[in-house]
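Read the figures in this text as sums done on the coordinates, not as results from a lab. All values reported here derive from a predicted model rather than from experimental measurement. Here the Cβ positions follow ideal geometry from the backbone for every residue, glycine too, while neighbour counts run over all protein chains shown.
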Amino acid sequence: MSGELIYPDESFAIRGAIFEVYRVMGCGFLETVYQECLEKEFAFRGIPFVSQKELKIWYKDEELKQRYKPDFICFDRIVVELKAVSGLLPEHQAQLMNYLEATKLRLGLLVNFGHYPMVEIVRRVL
């Protein structure tokens, strides 16, 4: 990888929506509240997204009954996974990487609305 920043305009738009939701709501709500707020903010800003899209999971060429459901896929190319916890753990980043693998997308944003005094955003490239 050349170190280039992929999808900079799209990332900037998504981050702007995230910052606005945090500015208005602050921290302390459940993840589902931030999910709904971001749906409204993405729509308001014209950011294309799919919320909670079910993804198939495979084991040795056999489809599993379980499904992945990333919080958002934006612009058909960026996975956005939300958390509302006091601190992100390695498991949260592993979950995002699994979503990237499952979708074959290259960029993921792990967003923690539970962090104070500002929202925490971790960018991961596959």
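Being among the small types (Gly, Ala, Ser) and surrounded by 10 or more Cβ atoms within 10 Å (Cβ to Cβ) is the filter here, so list the residues in the stretch 1-46 that pass it.
Residues satisfying the conditions are Ser11, Ala13, Gly16, Ala17, Gly26, Gly28, Ala43.
For the stretch 102-126, name all the residues that are under 14 Å from the mean Cα position of the chain (by Cα), in contact (Cβ under 8 Å) with a residue 60 or more places away in the chain, surrounded by 16 or more Cβ atoms within 10 Å (Cβ to Cβ) and assigned to a loop (DSSP other than H, G, I, E, B).
Phe113, Val119
Does Glu41 meet the test of being closer than 27 Å to Gly28 by Cβ, out of contact with any strand residue (DSSP E or B) (no Cβ under 9 Å at 6 or more places or on another chain) and not basic (Lys, Arg)?
The answer is yes for Glu41.
I'm checking my understanding of the structure. Among residues of the stretch 57-101 that are without any contact (Cβ under 8 Å) to a residue 12 or more places away in the chain and part of a loop (DSSP other than H, G, I, E, B), which one is nearest to Phe29 (Cα to Cα)?
Leu89
How about the stretch 22-46: which of its residues are in contact with a helix residue (DSSP H, G or I) (Cβ under 9 Å, 6 or more places away or on another chain), in contact (Cβ under 8 Å) with a residue 60 or more places away in the chain and in a helix (DSSP H, G or I)?
Tyr22, Met25, Tyr34
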